[in-house]
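One structure below.
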Amino acid sequence: MRFGNVIKLTIPVMMGYIPLGMAFGLLASSMLIPWHYAFAMSMFIFAGAGQFLALSLFAANATLLEIGVATFLLNLRHSFYGLSMISTFKGMGKGKHYLIFGLTDETFALLKTASMSPQNREKTYVQITALNQFYWVVGTLLGAGLGSIVPFDYTGIAFSLTALFVVLSIELYRKQPNPKPLMVALLIGMAGMVILPSAKMLIISLALAAGLLIGLKGWMDE
């Protein structure tokens with residue numbers, strides 16, 4: 001896949017990551033965290049929601065144990081889709097280590113939907129992952145810079161993440177138009193929002209969805 005096509009493929013992620021990165025940079029600036037700390041977090045942690053959580057925990061003077069447990073629970077979802085990439089990454093070269101580090105929700109969706117030749121797969125995967133992190137870092141620097149210069153109200157900007165998930169879900173469905181997994185996920189998500197406490201909704205819903213998708217795989221593939 002040509003690099004220009006890779007850029008085109010990552011445009012939906014860019015539209016979400018730059019404003020969300022700006023929101024993170026602005027929040028860090030409002031907490032008087034130096035811009036280079038925010039930049040380092042986006043470069044060497046690159047955890048999206050985990051970085052927002054870290055800022056809130058810093059503000060609450062949380063202990064290292066509390067930060068570790070909260071971050072683990074928030075990012076537990078990575079184990080569900082990370083395991084599905086083991087066979088894909090197997091046999092790759094040095095780029096495999098960066099792909100594992102940079103496997104965010106949005107990058108995973110793109111890697112699963114992108115069509116490419118096996119010969120250039122590792123190179124294309126690395127380009128997709130690097131571009132997505134680049135968008136996040138650029139957004140972080142813009143937000144941190146603006147936050148230190150001009151006042152900015154970023155209320156509601158995090159909704160762009162929801163919009164990004166919707167776009168990627170639609171694209172994934174278009175590539176694999178099987179309504180059964182989509183309906184199961186929607187039903188579990190809606191039921192979880194109504195029945196479960198908000199603090200535990202994501203983890204329990206993901207675990208339940210993963211169990212059902214594995215247990216009902218034969219029915220899903222029919």
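What to note about this one:
- Among the candidates Thr129, Thr71, the residue that is part of a helix (DSSP H, G or I), farther than 23 Å from Pro12 by Cα, within 15 Å of the chain's Cα centre (by Cα) and not small (Gly, Ala, Ser) is uniquely Thr71.
- Residue in the stretch 179-206 that is most open to solvent (accessible area, probe 1.4 Å), counting only those that are within 23 Å of the chain's Cα centre (by Cα) and touching a residue at least 40 places away in the same chain (Cβ under 8 Å): Leu202
- Pair list, Cβ under 8 Å, 6 or more apart: the stretch 48-75 residue at negative phi, other residue among the aromatic types (Phe, Trp, Tyr) and part of a helix (DSSP H, G or I): Gln51/Phe24; Phe52/Phe24; Leu55/Phe24
- The set of residues from the stretch 46-69 being small (Gly, Ala, Ser) and over 22 Å from Ile100 (Cβ atoms) comprises Ser56, Ala59, Ala60, Ala62.
- Taking the stretch 18-35 as the range and being at pLDDT 90 or above, open to solvent by 10 Å² or more (accessible area, probe 1.4 Å) and within 15 Å of the chain's Cα centre (by Cα) as the test, only Ile18 passes.
- Residue in the stretch 104-115 that is within 20 Å of Phe24 (Cα to Cα), among the polar types (S, T, N, Q) and modelled with pLDDT of 85 or more present: yes
- Per the listing Phe72, Phe44, Phe101, the residue uniquely within 24 Å of Ala207 (Cα to Cα), among the aromatic types (Phe, Trp, Tyr) and at pLDDT 85 or above is Phe101.
- Odd one out for Val150, checked against (1) of a type outside the set (S, T, N, Q); (2) surrounded by fewer than 17 Cβ atoms within 10 Å (Cβ to Cβ); (3) touching a helix residue (DSSP H, G or I) at 6+ places or on another chain (Cβ under 8 Å): (3)
- Only one of Tyr81, Tyr98 that is buried (at least 16 other Cβ atoms within 10 Å of the Cβ), in contact (Cβ under 8 Å) with a residue 24 or more places away in the chain, outside any loop (DSSP other than H, G, I, E, B) and not polar (S, T, N, Q): Tyr81
- If only residues of the stretch 101-114 that are assigned to a helix (DSSP H, G or I) and either without any contact (Cβ under 8 Å) to a residue 40 or more places away in the chain or of a type in the set (Ser, Thr, Tyr) (or both) are counted, the one that is most open to solvent (accessible area, probe 1.4 Å) is Phe108.
- All of Leu53, Leu99 fail the test of being within 18 Å of Thr10 (Cα to Cα), within 16 Å of the chain's Cα centre (by Cα) and not charged (D, E, K, R), apart from Leu99.
- Members of the stretch 36-51 found to be out of contact with any Leu (no Cβ under 7 Å at 6 or more places or on another chain), assigned to a helix (DSSP H, G or I) and open to solvent by 30 Å² or more (accessible area, probe 1.4 Å), listed by number: His36, Tyr37, Ala40, Met43, Phe44
The values are calculated or read from the model by the stated rules, or taken from the named source; none is laboratory data. Since this is a predicted model, take the numbers as computed values, not measurements. So basically every Cβ, Gly included, is an ideal-geometry build from the backbone, and we count neighbours across all protein chains shown. These area figures cover heavy atoms from the full protein model, side chains too; ligands, DNA and RNA do not enter into them. Shrake-Rupley method; radii C 1.70, N 1.55, O 1.52, S 1.80 Å.
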